[in-house]
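Notes follow the structure.
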Amino acid sequence: MRSVGWDALGQWGDDTTRIEPLTAGAGANELWSVRVRGALAVARLGRRSDDDLAWETSLLHHLDRHGLSVPMPIPTTDGRLFAGGLMVMTYVEGGSPETEADWRRVADTLRQVHRATTGWPQRPGWRSSTDLLHESTGTRVDLGAMPAEGVARCRAAWARLAGRAKCVVHGDPNPGNIRITADRVALIDWDESHVDVPDLDLVLPHNAADLEDDALDIASQASAAWEAAVCWDDDHSKRCLARVRSA
């Protein structure tokens, strides 16, 4: 019988154990620190399809080959990178960015991700922001659940991105998803990554990506619209929608 839920953790070895739940970056998933083959790791249990998880694990390996610091999937004892909706990944040391200089390093790292993934296929079942100009659903997005006036504002914000080149975006580069040390910047929690316009990743503290005023406004509006749509209808999504102008 196929192991499901946390029962699947045994497929990483009989001595694999859960240590404690992790709240940072958990979102729609259950996240725990675990010990696998004597090493500290992170296990994430969610409801994503095998195709979705295959896309994510392939992306992480690709970014690693390009010299970027990301959590790497740890295979089961028979070599699979996920099982029963469960992924186990290497633990990444480091702190969150604090200074403007830190955030400029984050911006540079995000741009490296974008350059390395030009032409990458879309995550299965996902839509980009500009796809949602014509589509209404995609993974966690259901525009039909939002007020029509709010959908119109979101689409007006996304329309300003139309025609731009796309790549993989991390999708949630908040301080809790960044691990920074003196010699590298690591991005963790790739659960929201998908193919989209790169500026959505670059709305950062201190305008660390050095976007021009108009570009920053376009990106900020489009990013707020995306957050509203992907999280609707919790308090965070409503605050994000309130930031999206009607024109």
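Considering each of 80, 35 in turn, give the residue that is surrounded by 13 or more Cβ atoms within 10 Å (Cβ to Cβ), assigned to a loop (DSSP other than H, G, I, E, B) and out of contact with any Pro (no Cβ under 9 Å at 6 or more places or on another chain).
80
Which number in (1) at positive phi; (2) within 20 Å of the chain's Cα centre (by Cα) marks the one condition that residue 210 misses?
So residue 210 meets the others, but not (2).
Looking at the stretch 4-25, is at least one residue in contact (Cβ under 8 Å) with a residue 60 or more places away in the chain and within 19 Å of the chain's Cα centre (by Cα)?
Yes - at least one qualifying residue is present in the stretch 4-25.
Among (1) part of a helix (DSSP H, G or I); (2) over 23 Å from residue 209 (Cβ atoms); (3) polar (S, T, N, Q), which single condition is residue 122 missing?
Of the numbered conditions (1) part of a helix (DSSP H, G or I); (2) over 23 Å from residue 209 (Cβ atoms); (3) polar (S, T, N, Q), the odd one out for residue 122 is (1).
Please verify whether the stretch 138-160 includes one or more residues that are of a type in the set (A, V, I, L, M), surrounded by fewer than 21 Cβ atoms within 10 Å (Cβ to Cβ) and not in a helix (DSSP H, G or I).
yes
Can you find even one residue in the stretch 69-76 that is exposed (fewer than 13 other Cβ atoms within 10 Å of the Cβ) and not basic (Lys, Arg)?
no
Look at residue 70 and say whether it is outside the structural domain of residue 105 (by TED's automatic domain parsing), touching a Phe, Trp or Tyr at 6+ places or on another chain (Cβ under 6 Å), farther than 18 Å from residue 119 by Cα and among the β-branched types (Val, Ile, Thr).
Numbers: outside the structural domain of residue 105 (by TED's automatic domain parsing): yes; touching a Phe, Trp or Tyr at 6+ places or on another chain (Cβ under 6 Å): no; farther than 18 Å from residue 119 by Cα: yes; among the β-branched types (Val, Ile, Thr): yes.
So residue 70 fails the test.
Within the stretch 88-129, track down each residue that is touching a Phe, Trp or Tyr at 6+ places or on another chain (Cβ under 7 Å) and either buried (at least 19 other Cβ atoms within 10 Å of the Cβ) or free of Cβ contacts under 8 Å to residues at least 40 places away in the same chain (or both).
Within the stretch 88-129, 88, 97, 123, 129 qualify.
Assess whether residue 51 counts as being outside any loop (DSSP other than H, G, I, E, B), exposed (fewer than 14 other Cβ atoms within 10 Å of the Cβ) and touching a residue at least 60 places away in the same chain (Cβ under 8 Å).
Details: outside any loop (DSSP other than H, G, I, E, B): yes; exposed (fewer than 14 other Cβ atoms within 10 Å of the Cβ): yes; touching a residue at least 60 places away in the same chain (Cβ under 8 Å): yes.
Against the criterion (outside any loop (DSSP other than H, G, I, E, B), exposed (fewer than 14 other Cβ atoms within 10 Å of the Cβ) and touching a residue at least 60 places away in the same chain (Cβ under 8 Å)), residue 51 qualifies.
The values are calculated or read from the model by the stated rules, or taken from the named source; none is laboratory data. Predicted, not measured: the structure shown is a model, and the values here were computed from it. Virtual Cβ from ideal backbone geometry, glycine too; neighbours counted across all protein chains shown.
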